[in-house]
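See structure below.
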Amino acid sequence: MSNRRPGAKRSERRPGAERAPGTGREPWKRRESGPERESRPERDSKPERESRPERDEKESLDRESLIFGRNTVLAYLEGLLAEEEDQPESAGVSKIFLHEGPGSDQRLSRIKKLAKDLRIPLVLVDRRKVDMLAGAGKSHQGIVASLSPVKVLSQTELLELVDRDLERIRETGGSTDGYTVLVLDGIEDPRNLGAIIRCGEVMGAKAVVVPERRAAGINETVAKTSAGAAFHIPIARVTNLVRIIEALKERGLWAVGMTPAARDSIYRIDLKRPVILVVGSEGKGMGRLVEEKCDLLASIPVIGKTQSLNASVAAGIGLYEIVRQNSD
């Protein structure tokens with residue numbers, strides 16, 4: 001039976017206090033560090049900890065946008081070199097992961113040079129690492145870039161950008177004809193959105209506007225499908241498309257809505273003016289209120305039995321017609 005008083009903890013015994021007679025135990029002593037004690041930290045170093053940085057890195061990268069593929073990464077890096085005024089801040093590249101397997105080409109050489117010029121860390125890794133970062137089944141071509149999110153403009157920022165553009169054009173005696181803002185209503189497929197953004201950037205649109213609801217987000221799928229164009233053109237997300245159309249019209253732009261139901265062909269409408277080109281989704285088209293805000297409605301003549309086009313194709317045709325008419 002122990003002589004310890006009820007409720008007393010072992011740590012409360014005074015050093016040097018004797019044990020009860022007959023216990024055969026020594027008085028309390030501080031444990032000395034022996035060989036076993038010294039080796040304990042080594043035993044505590046579990047193998048799982050060694051792989052944890054890789055898992056933590058993957059979890060961290062999941063909170064950023066990842067783009068992959070040689071064309072996409074190269075196009076994005078090229079865009080970082082452009083310092084055009086009034087463009088949104090480019091998303092930063094935190095790191096590029098590269099697996100140099102067979103099939104190296106000029107694109108990889110260019111990517112390496114740009115990474116060096118832009119002081120972006122480039123890490124050579126094995127195929128397994130790139131597969132893990134890109135995700136199962138993704139065609140990454142041996143390269144993944146970790147990006148901070150693309151800066152998306154607010155309605156106020158977009159209107160300020162348009163105001164500066166128009167003021168600069170007028171001050172230099174130029175014409176605002178052909179100045180185009182692309183408004184997308186209800187494009188929910190990120191691949192469609194990426195393709196439209198690509199068309200807009202290639203055809204010289206000054207900005208792309210998407211709604212906060214009923215629309216795809218600006219993610220790595222959009223970036224990849226746009227071939228990097230999503231980083232070269234201002235993109236705004238707004239709560240109300242009707243209000244942004246009204247605000248742009250107050251600045252002298254004409255709203256032209258693309259719809260198969262329109263009587264007038266896009267080729268017969270006078271587009272020698274600043275234009276808001278409105279494109280709706282393939283299934284539902286533009287919303288009723290958005291369509292009512294359009295000054296003109298335009299269709300694309302079709303010859304075959306299929307009566308409608310993919311939204312990105314329709315947007316591309318409309319954008320090209322604006323460029324064509326203002327190039328004469």
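Using Cβ contacts closer than 10 Å as the measure, can you line up Tyr267, Tyr76 from fewest to most?
Working: Tyr267 14, Tyr76 27.
Sorted ascending by nearby Cβ count, the order is Tyr267, Tyr76.
Of Ser175, Ser104, Leu153, whose Cα points farthest to the positive end of the dipole of segment 93-176 (charges on the beta-carbon: +1 Lys, Arg; -1 Asp, Glu; origin at the Cα centre)?
Of the candidates, Ser104 comes out farthest on the positive side.
Roughly speaking, what % of Cα-Cα pairs in segment 226-313 are separated by over 15 Å, rounded to a whole number?
64 percent
For segment 155-325, how big is the tail of P(r) above 30 Å, as a whole percent of Cα pairs? Please report the intermediate quantities before stating the final value.
Working: 1417 of 14535 pairs.
So the pairs more than 30 Å apart make up 10 percent of the total in segment 155-325.
What share of the DSSP beta bridges in segment 182-292 is antiparallel, in percent to the nearest 5?
In segment 182-292, DSSP labels about 5 percent of beta bridges as antiparallel.
Under 10 Å from the Cβ of His99, count the other residues' Cβ atoms, weight Lys and Arg +1, Asp and Glu -1, and hand me the total.
Overall, the nearby charge balance is 0.
In what order do Lys112, Lys305 fall by count of nearby beta-carbon atoms within 10 Å, going from fewest to most?
Lys305, Lys112
At 0.36 nm per residue, and after removing the present C-alpha to C-alpha distance, how many nm does the segment from Lys305 to Arg263 gain when stretched out fully?
Here the answer is 13.3 nm.
Structure shown: which of Lys95/Lys116; Lys95/Lys151; Lys95/Lys206; Lys112/Lys151; Lys249/Lys272 lie over 21 Å apart, alpha-carbon to alpha-carbon?
Result: Lys95/Lys206; Lys112/Lys151 exceed 21 Å.
Starting from the amide H of Lys95, placed 1.01 Å from N in the peptide plane, find each other amide H under 5 Å away whose residue is 5 or more places distant or on another chain.
Amide H to amide H, under 5 Å and 5 or more residues apart or across chains, Lys95 pairs with Ser146.
Please list the non-local residues whose amide H lies under 5 Å from the amide H of Lys151, H modeled 1.01 Å from N, same-chain partners needing a gap of 5 or more.
Ala91
None of the figures in this text is laboratory data; all of them are computed from the coordinates on show. Keep in mind that what you see is a predicted model, and the values were worked out from it rather than measured. A quick note on method: Cβ atoms are made from the backbone with ideal geometry, for glycine too, and the neighbour counts reach across all protein chains shown.
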